[in-house]
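*Asks:* Let me begin by handing over the structure; questions about it come next.
The values are calculated or read from the model by the stated rules, or taken from the named source; none is laboratory data. No experiment lies behind these values; they were computed from the predicted model shown. Here the Cβ is made from the backbone with ideal geometry for all residues, glycine too, and neighbour counts use every protein chain on show. The accessibility values were calculated without ligands, DNA or RNA, using every heavy atom of the protein model including side chains. Shrake-Rupley method; radii C 1.70, N 1.55, O 1.52, S 1.80 Å.
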Amino acid sequence: MKIQNMIGPVIRLCGTKLTARKSRQRTSIDISERAVYIIGDVHGCLKELLALERTISDDAASLPAKKLIIMLGDYVDRGPASAQVIDHLIDVCPEGFERLCLTGNHDMAMLEYLDGRLALSTWLQMGGDATLLSYGIDVEHLKQIYKSQAKLDEIIRRAVPVRHAEFLRTLPILITAGKFLFVHAGIRPSIPIQEQKDEDLVFIRSEFFNNSHLLKHWVIHGHTPIDKPVRDGKRFNLDTGAFYTGKLSALRLWNHRGRIFTT
């Protein structure tokens with residue numbers, strides 16, 4: 001795999017402006033001889049992820065190609081089992097598969113909080129309370145015990161395993177594969193791929209949707225919840241709002257064809 005490191009922009013999270021840090025990795029892979037399964041936003045829904053992986057494994061059993069799973073980010077917040085989802089992604093991959101995990105805006109927000117670059121209140125607005133409960137942390141209860149925000153932050157950050165923070169830290173933000181791009185939110189179609197900003201790759205919506213007719217690549221993404229997977233021109237949205245619909249979706253790319261799977 002070829003990996004590029006670029007100096008990134010200032011990242012905004014729910015209106016909060018943060019100081020610039022190095023841009024996320026952008027990765028290039030060859031999928032010409034692989035069956036690729038791309039999974040949308042998980043948001044702490046471990047049960048749905050396990051069910052979808054079983055479906056994918058059953059489907060892939062008859063395929064002669066190497067198998068790859070690409071995760072589109074947002075593993076944490078809102079759903080009930082964020083910590084367990086991260087454990088699963090670190091430790092377990094369906095037999096016979098490789099797995100690549102992208103970052104989403106919620107994953108970045110969690111890391112920004114753990115690194116002391118984002119206020120707890122901002123992360124909680126994004127659904128971080130559900131993530132903390134999965135680590136055994138009841139924020140409202142702790143607030144009654146610890147009146148100091150610094151002490152509260154210390155307790156919370158200590159509860160998250162170091163390996164979870166490192167997993168979030170190393171996630172790439174863009175995967176290119178020939179005529180395909182895999183990304184959490186989308187891209188600016190008018191800008192060359194090498195000039196795309198991290199902020200856009202995990203947050204963009206309207207400028208991506210309204211200009212999708214300009215796309216030169218097939219862009220597979222999540223981030224914006226919809227009722228069912230939708231193709232619009234050369235973009236394909238796989239975020240089916242698993243944390244409130246119970247539907248987690250995947251797209252299989254194999255032999256120049258696509259197939260959808262949904263829990």
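*Asks:* Can you give the net charge of the other residues whose Cβ lies under 15 Å from the Cβ of C101, counting K and R as +1 and D and E as -1? Before the final figure, lay out each step's value.
*Replies:* Numbers: positive: R24, R26, R99, R163, R169; negative: D41, E53, D74, D87, D91, E98, D107, E166.
Taking every Cβ under 15 Å from that of C101, the sum is -3.
*Asks:* Could I ask something else about it? When only alpha-carbon atoms count, how far does segment 115-189 stretch along each of its three principal axes, as whole angstroms with the largest first?
*Replies:* Taking max minus min along each principal axis of the Cα atoms, segment 115-189 gives 54, 25, 21 Å.
*Asks:* At a threshold of 8 angstrom on Cα-Cα distance, excluding pairs fewer than six apart, so keeping six or more, what relative contact order does segment 19-127 reach in percent? Could you put the intermediate results ahead of the total?
*Replies:* Values: 135 pairs, mean separation 29.7, N = 109.
It rounds to 27 percent for segment 19-127.
*Asks:* Around G233, under 14 Å between beta carbons, what's the net of Lys plus Arg minus Asp minus Glu among the other residues? Please report the intermediate quantities before stating the final value.
*Replies:* Working: positive: K179, K216, R231, K234, R235; negative: D232.
Taking every other residue near G233 into account, the sum is +4.
*Asks:* Rolling a 1.4 angstrom probe over the protein heavy atoms, how many square angstrom per residue are accessible across the chain?
*Replies:* Values: 12120 Å² over 263 residues.
Normalised by residue count, the accessible surface of the chain is 46 Å².
*Asks:* Still on this structure, please answer the following. So what are the ³J(HN,Hα) numbers for segment 211-228, from phi and the Karplus equation (6.51, -1.76, 1.60; θ = phi - 60°), rounded to whole Hz, Gly and Pro as x?
*Replies:* The phi angles translate into 10, 5, 5, 8, 5, 9, 10, 7, 10, 9, 8, x, 6, 10, x, 9, 5, 8 Hz.
*Asks:* OK, next. How many percent of DSSP beta bridges within the chain run antiparallel, rounded to 5? Display every interim value, and only then the final one.
*Replies:* On the way: 23 of 43 bridges.
Bridges in the chain are about 55 percent antiparallel.
*Asks:* Using a Gaussian network model of the chain whose springs link C-alpha atoms within less than 10 Å, name the residue from C45, C101, C93 with the highest mean-square fluctuation.
*Replies:* It is C93.
*Asks:* Output wanted: per-residue J couplings in Hz (rounded whole) for segment 194-209, from phi through Karplus 6.51 cos²θ - 1.76 cosθ + 1.60, θ = phi - 60°, x for Gly and Pro.
*Replies:* Once θ is set to phi - 60°, the couplings for segment 194-209 become 5, 9, 5, 8, 3, 4, 5, 4, 10, 10, 4, 9, 4, 5, 6, 4 Hz.
*Asks:* Rounded to whole Å and sorted largest first, what semi-axes of the equivalent ellipsoid does the C-alpha gyration tensor of the chain yield via the square root of 5 times each eigenvalue? Show your work: numbers first, answer last.
*Replies:* Values: eigenvalues 181, 94, 52 Å².
One finds semi-axes of 30, 22, 16 Å for the chain.
*Asks:* So, one more: Can you flag which of K66/K216; K22/K228; K22/K66; K197/K234 are past 31 Å Cα-Cα? Kindly include the intermediate steps, with their values, before the conclusion.
*Replies:* Details: K66/K216 27 Å; K22/K228 35 Å; K22/K66 33 Å; K197/K234 20 Å.
The pairs that break the limit, which is 31 Å between Cα atoms, are K22/K228; K22/K66.
*Asks:* Once the Cα gyration tensor of segment 142-263 is diagonalised, what are the square roots of 5 times its eigenvalues, in whole Å and ordered largest first, as equivalent ellipsoid semi-axes? Write down the numbers at each step before the final one.
*Replies:* On the way: eigenvalues 229, 68, 43 Å².
Semi-axes from the Cα gyration tensor: 34, 18, 15 Å.
*Asks:* Based solely on its DSSP helices, what 222 nm [θ] is calculated for the chain when runs of n ≥ 4 H residues each add -39,500 (n - 2.57) and the sum is averaged over all residues, nearest 500 deg cm²/dmol?
*Replies:* On the way: 11 runs with 89 residues, N = 263.
Taking each H run of at least 4 residues, the total per residue is -9000 deg cm²/dmol.
*Asks:* If you roll a 1.4 Å probe over the chain with all protein chains in place, what percent of the accessible area is carbon or sulfur? Numbers along the way, then the final one.
*Replies:* Values: 6070 of 12120 Å².
Roughly 50 percent, rounded to a whole number.
*Asks:* While we're looking at this one, here's another question. Determine one quarter of the surface area of the Cα convex hull of segment 63-132, which equals its mean projected area, and express it in nm² to one decimal. Don't skip to the answer; put the middle values down first.
*Replies:* On the way: hull surface 20.8 nm².
With every direction weighted equally, the projected area is 5.2 nm².
*Asks:* Given the C-alpha centroids of segment 204-263 and segment 66-105, what is the distance between them in whole angstrom?
*Replies:* 17 Å
*Asks:* Would you mind checking which residues have amide H under 5 Å from G241's amide H? H placed 1.01 Å from N; only 5 or more apart, or other chain.
*Replies:* Amide H neighbours of G241, under 5 Å, 5+ apart: I226.
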